[in-house]
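Data block below; observations after.
Derivation of every value follows stated rules applied to the coordinates shown; laboratory data play no part. Nothing here was measured: the structure is a model prediction, and the numbers come from that model. So basically every Cβ, Gly included, is an ideal-geometry build from the backbone, and we count neighbours across all protein chains shown.
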Amino acid sequence: MPVTKEQIDRINQLARKSKAESLTLEETKEQVQLRRLYIDSVKASLVGQLEHTYIVDENGNKRKLPKKKPTRPQ
């Protein structure tokens with residue numbers, strides 16, 4: 001699920017507020033949730049790009065970019 005402009009604006013608003021003063025418990029929970037949503041969205045976008053990436057060798061043969069095995073549990 002892509003992150004909306006309003007969600008990004010809210011992430012930035014909470015970040016500015018946390019630098020100026022402390023956040024309430026609800027705001028802290030919201031900030032954590034929005035950040036996780038943003039990170040998951042960026043990861044999904046990157047995975048989508050890599051799934052459509054091909055390597056072309058010197059002979060012009062295309063092959064799909066192989067997936068790496070995860071190095072740590074998710």
> From the list Arg10, Arg63, which residue is part of a strand (DSSP E or B) and among the charged types (D, E, K, R)?
Replying inline: Arg63
> Does any residue of segment 21-29 turn out to be of a type in the set (A, V, I, L, M, F, W, C), surrounded by 10 or more Cβ atoms within 10 Å (Cβ to Cβ), out of contact with any strand residue (DSSP E or B) (no Cβ under 9 Å at 6 or more places or on another chain) and in a helix (DSSP H, G or I)?
Replying inline: no
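Just give me the residues in segment 1-24 being among the basic types (Lys, Arg) and more than 15 Å from the chain's Cα centre (by Cα), in sequence order.
Selection gives Arg10, Arg16, Lys17, Lys19.
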> In segment 2-56, what residues are within 30 Å of Pro66 (Cα to Cα) and basic (Lys, Arg)?
Replying inline: Arg35, Arg36, Lys43
> In the list Glu58, Glu30, which residue meets the criterion of being without any contact (Cβ under 8 Å) to a residue 40 or more places away in the chain, farther than 19 Å from Glu6 by Cβ and among the acidic types (Asp, Glu)?
Replying inline: Glu58
